[in-house]
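The values are calculated or read from the model by the stated rules, or taken from the named source; none is laboratory data. The shown structure was predicted, so the numbers you read here are calculated from the model rather than taken from an experiment. Positions of Cβ are backbone-derived with ideal geometry, glycine not excepted, and every protein chain shown enters the neighbour counts. Heads up: the accessible areas ignore ligands, DNA and RNA and are worked out on the full protein's heavy atoms, side chains in. Shrake-Rupley method; radii C 1.70, N 1.55, O 1.52, S 1.80 Å.
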Amino acid sequence: MTATLPPAEIATGVMTWLSEFGDALAAGDPAAAAALFTEDCFWRDLIAFTWNIKTMEGPAAVEEMLAATLAQVQPSGWRITDGEEPADAGGVVEAWIDFETAAGRGRGHVRLRDGRCWTLLTSLYELKGHEEPQAPGRRPKGVQHGAIRERTTWLEGRQQEASELGVAEQPYVLIIGGGQAGIGLGARLRQLGVPTIIVDKRGRPGDQWRSRYKSLCLHDPIWYDHMPYLKFPDTWPVFSPKDKIADWLESYTKIMELNYWPSTEATSAAYDEAAGEWTVHVERDGQRMVLRPKQLVLATGMSGKPNQPSFPGMDEFRGDQHHSSAHPGPDAYRGKRCVVVGSNNSAFDICGALWENGADVTMVQRSSTHIVKSDTLMDIGLSALYSEEAVAAGMTTDKADMVFASIPYRIMAQFQTPLYEQMREKDQDFYDRLEAAGFDHDWGDDGSGLFMKYLRRGSGYYIDVGSADLVANGDVKLARGQVDHLTEDAVVLEDGTELPADLVVYATGYNSMNGWAADLISPEVADRVGKCWGLGSDTSKDPGPWEGEQRNMWKPTQQQALWFHGGNLHQSRHYSLYLALQLKARQAGVPTPVYGLQEVHHRS
Ligand SMILES: Cc1cc2nc3c(=O)[nH]c(=O)nc-3n(C[C@H](O)[C@H](O)[C@H](O)COP(=O)(O)OP(=O)(O)OC[C@H]3O[C@@H](n4cnc5c(N)ncnc54)[C@H](O)[C@@H]3O)c2cc1C
């Protein structure tokens, strides 16, 4: 164990490194800069150097990236962030840093080992000359004092904008999908002065949450879930019921003054390279319109495109059957025989609610699932960054997001595994009971648990809020195996097991977001951009090769002017900043040469 250094010495070490690093960059010397990194280093860049979301692994990759970007980026002003003391955690010195580039201002985080950089995070948070009009210092006045003839009120201005945008004036950005992702990004673009329209086929903002099964509450706690700019009030519950979050999102679109078109379905989109714009056909309240944005964002939901299985006999089945996304809730199924195919979050939530309402419930487990108890996950997995205690200790949402972002994906599993070992130990009793009930439980391919599963494949887990015990104690019956076919009144598994059913719910997950591009644009474009999500970890449902960042999310794709946005509330909040800045830079004519545009290895 390395002895901890005194604070002054820690700060001096960081300042020395920053100064040498800054000098090498100012001298345009990528090799000298790369020599300041350890052999096993990582540099994660969120659009500051690469106009991409990219992690460079090893000094050679650092040098190569700098050789390609340095002349244009012109970084300077490397310093420790005011008020942030560097700290030494067992031989790794950590510090928050600020810097500038020719285009904007950045912040980041550095971890030093023996005076050399092990991990570096650089991120751009604002563009010079395009700073957001917000406090401190730039809050809009909201009024023009004086005597002004024919003054336009705020309301008149808003009404005029709403009536003209998309009709007399084309939006620069069109966001298809007005869930939390679309509106969070829309809010940032509004603050950046980018004319934007958000279209959603549903009738009201928040309807995607309203339409989900009625027992649903967010599985993540409030500190993880804030939208950009507008925090939930202190009276808000830790776990938001779905209709409450829906109402919050609806209010958000108003408060943040978004140009949100409800009941508007995008039906097709095509890119005209010569004109540098999209032609997007939409039906707004049944009326056909054409929009011509320069940039198109698909915020159509990572959990929005149901993976609907097809089993022989489905057409003969006489009961109700639907995908989990269409499950109305348990009310109609009291006393009925319900078979839920799947064993992840939705499956457990739906089984629990059906059981609570007096249904006879069977879960069909087709492959292993990872389960953690909600309290345990909050306590061991999230509390250091997203909790009441973290807030009390001075942790802000922004800072927590940056801490998370500072851990390179390649080594994140090794940070996560010990946490899940603690969780296993804490709830060993529970896992013993689950396994005794025949439940096939896993901890992820490499034992790294829930968050890595989420990043790699976006599925394969349940955050237990009570339903797992129903399976463990047999109240919800468990059947294991693949579905072979359906009969008029039963689900039949491959081993011949027959499960009589009045209702079958297919809790079989969701498809990759590039499927939306296939539907709206063309299968060729969907194939060209390739699979969305996953890291290339070569674990289940996340095939290699290693890609190092989430495929296609929040960054340039192989289709010019096409972007994907989404994820959970935390990711939507944090990464919408970088997507908004990439779009703003293009609108403002700031050069945005993309370094290391991702290659496509998988189509879906
Ligand atoms: C059951 C369940 C529980 C979840 N729990 C949590 C949780 O606890 N915490 C968390 O952070 N995340 C959770 N998620 C994941 C994620 O946060 C949600 O799926 C969330 O709704 C994603 O937001 P989004 O804006 O990316 O997409 P969505 O909310 O799916 O919104 C996409 C929108 O696109 C619209 N759309 C699609 N096609 C078109 C078109 N052609 N034209 C116009 N509009 C279109 C849809 O109408 C929809 O409103 C959960 C997901 C599910 C399914």
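Of the strands (runs of 3 or more DSSP E) lying entirely inside region 56-105, the ones with 3 or more residues being free of Cβ contacts under 8 Å to residues at least 40 places away in the same chain are found at 92-100. Answer yes if at least one residue in region 115-126 is aliphatic (A, V, I, L, M), within 30 Å of G286 (Cβ to Cβ) and more than 16 Å from the ligand (Cβ to nearest atom), and no otherwise. No.
Output the residues belonging to region 211-243 that are in a helix (DSSP H, G or I) and either away from the ligand (no atom under 11 Å from the Cβ) or at pLDDT below 95 (or both). Passing the criteria: W223, D243. Residue pairs whose Cβ atoms lie under 8 Å apart, separated by 6 or more positions or on different chains, with the first residue in region 224-240 and open to solvent by less than 60 Å² (accessible area, probe 1.4 Å) and the second away from the ligand (no atom under 13 Å from the Cβ) and among the aliphatic types (A, V, I, L, M), are P228/L577; L230/I255; L230/M256.
Each row is one residue, and each column tells you yes or no for (1) touching a residue at least 12 places away in the same chain (Cβ under 8 Å); (2) surrounded by fewer than 22 Cβ atoms within 10 Å (Cβ to Cβ); (3) away from the ligand (no atom under 15 Å from the Cβ).
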site: H281; (1), (2), (3): yes, yes, no
site: R284; (1), (2), (3): yes, yes, no
site: P306; (1), (2), (3): yes, yes, no
site: M314; (1), (2), (3): yes, yes, yes
site: G342; (1), (2), (3): yes, no, no
site: S374; (1), (2), (3): yes, yes, no
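I'd like the residue in region 1-41 that is part of a helix (DSSP H, G or I) and open to solvent by 80 Å² or more (accessible area, probe 1.4 Å) and, out of all such residues, is farthest from T69 (Cα to Cα).
Once the filter is applied, the top-ranked residue is P7.
The set of residues in region 262-279 being open to solvent by 20 Å² or more (accessible area, probe 1.4 Å) and either closer than 17 Å to G515 by Cα or assigned to a strand (DSSP E or B) (or both) consists of E265, T267, S268, A270, Y271, D272, E277, T279. Of the residues in region 279-297, not one is touching a strand residue (DSSP E or B) at 6+ places or on another chain (Cβ under 8 Å) and among the small types (G, A, S).
Scanning region 428-468 for residues that are touching a residue at least 12 places away in the same chain (Cβ under 8 Å), of a type outside the set (A, V, I, L, M, F, W, C) and surrounded by fewer than 19 Cβ atoms within 10 Å (Cβ to Cβ) gives R433, G438, D440, H441, D442, D445, D446, G447, Y454, G466. Do we have W248 as in a helix (DSSP H, G or I), within 13 Å of the ligand (Cβ to nearest atom), crowded, with 22+ Cβ neighbours inside 10 Å and at negative phi here? No. For region 357-372, a residue qualifies if it is crowded, with 17+ Cβ neighbours inside 10 Å and of a type outside the set (A, V, I, L, M), and the qualifying residues are N357, D360, T362, Q365, R366, T369, H370. D247 meets each of the listed conditions (1) within 30 Å of K555 (Cα to Cα); (2) free of Cβ contacts under 8 Å to residues at least 24 places away in the same chain; (3) of a type in the set (D, E) apart from (2). With respect to (1) more than 16 Å from the ligand (Cβ to nearest atom); (2) touching a helix residue (DSSP H, G or I) at 6+ places or on another chain (Cβ under 8 Å), the lone exception for I175 is condition (1).
Every residue, every condition in (1) more than 30 Å from Y409 (Cβ to Cβ); (2) open to solvent by less than 70 Å² (accessible area, probe 1.4 Å); (3) not in a helix (DSSP H, G or I), yes or no:
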site: E131; (1), (2), (3): yes, yes, yes
site: K141; (1), (2), (3): yes, no, yes
site: A162; (1), (2), (3): yes, yes, no
site: I183; (1), (2), (3): no, yes, no
site: I197; (1), (2), (3): yes, yes, yes
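Taking region 496-517 as the range and being open to solvent by 30 Å² or more (accessible area, probe 1.4 Å) and either in contact with an Asp or Glu (Cβ under 6 Å, 6 or more places away or on another chain) or modelled with pLDDT of 95 or more (or both) as the test, the residues that pass are G496, T497, E498, P500, D502. Put simply, of E85, E63, E94 the only residue that is open to solvent by 10 Å² or more (accessible area, probe 1.4 Å) and within 26 Å of the chain's Cα centre (by Cα) is E94. Listed by first and then second residue, the pairs linking a residue in region 392-407 that is crowded, with 18+ Cβ neighbours inside 10 Å to a residue that is among the basic types (K, R), with Cβ atoms under 8 Å apart and 6 or more places separating them unless they lie on different chains, are T397/K231; T397/R573; D401/R573; M402/R107; A405/R44; S406/R44; S406/R111.
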